[in-house]
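Report on the structure given below.
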Amino acid sequence: MKAEDDDMLVYDEDNAVKFILNFIPENSKSSIDTDKIEYVLDVVYDFYDENGLIDEDSTEEASIDEEDMFNFIVKNAKKDKIGLSNEDIQLILDGEFEYGKSLGIYTEE
């Protein structure tokens with residue numbers, strides 16, 4: 001018999017980073033490292049938090065404006081001088097989305 005916790009979706013940032021590193025093409029790995037992926041994931045969390053998209057008590061799907069989130073990340077990366085191009089950011093976001101889909105967190109619309 002499965003424990004109740006076995007049924008819960010588990011997003012593990014370390015696993016997400018590993019997944020994204022494997023997802024990005026070889027020619028992009030020279031400009032995208034673990035620290036930059038972790039930075040983007042942290043800014044994504046900040047975006048969710050600032051837009052009221054984090055509610056640990058809710059199981060309802062949230063609708064995320066991907067363009068707003070992308071622009072929020074680009075703005076923060078420039079402000080923080082992280083050294084990520086728009087293409088790098090998009091690759092990280094694409095990898096994070098694929099990781100989320102593999103867990104059943106995200107669905108295609």
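Nothing in this text is a laboratory measurement; each read-out follows from the coordinates by a stated rule. What you are looking at is a predicted structure, and each value in this text was computed from that prediction instead of being measured. Heads up, the Cβs are rebuilt from the backbone with ideal geometry, glycines too, and the neighbour counts pull from every protein chain shown.
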Radius of gyration and Dmax for the range 4-103's Cα atoms, expressed in Å?
13.9, 43
Computed ³J(HN,Hα) along the range 31-39: with the Karplus parameters 6.51/-1.76/1.60, θ = phi - 60°, integer Hz and x for glycine or proline, the list is 10, 10, 10, 4, 4, 5, 5, 4, 4
Whole-Hz Karplus couplings 3J(HN,Hα) for the range 41-49, θ = phi - 60° and coefficients 6.51, -1.76, 1.60, Gly and Pro as x, run 4, 5, 5, 4, 4, 4, 4, 4, 5
So if I average 1/r over every pair of distinct C-alpha atoms in the range 62-109 and take the inverse, what Kirkwood radius in Å does that give?
11.7
Hey, if you put +1 on the Cβ of every Lys and Arg and -1 on every Asp and Glu Cβ in the range 4-103, which of GLY95, VAL40, SER30 ends up farthest toward the positive end of that dipole?
SER30
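Taking K and R as +1 and D and E as -1, what net charge do the other residues with C-beta under 14 Å from the C-beta of LYS78 add up to?
Numbers: positive: LYS36, LYS75, LYS79, LYS81; negative: ASP80, ASP88.
Neighbourhood net charge equals +2.
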Once the other residues with Cβ under 10 Å from the Cβ of PHE23 are scored (Lys, Arg +1; Asp, Glu -1), what is the net sum?
-2
Using a simple spin-label model with points 7 Å from Cα along the Cα→Cβ vector, what separation in nm is obtained for ILE105 and SER63?
2.2
For the range 88-95, take each phi angle, set θ = phi - 60°, evaluate the Karplus expression 6.51 cos²θ - 1.76 cosθ + 1.60, and give the result in whole Hz per residue in order, putting x for glycine and proline.
4, 4, 5, 4, 5, 5, 4, x
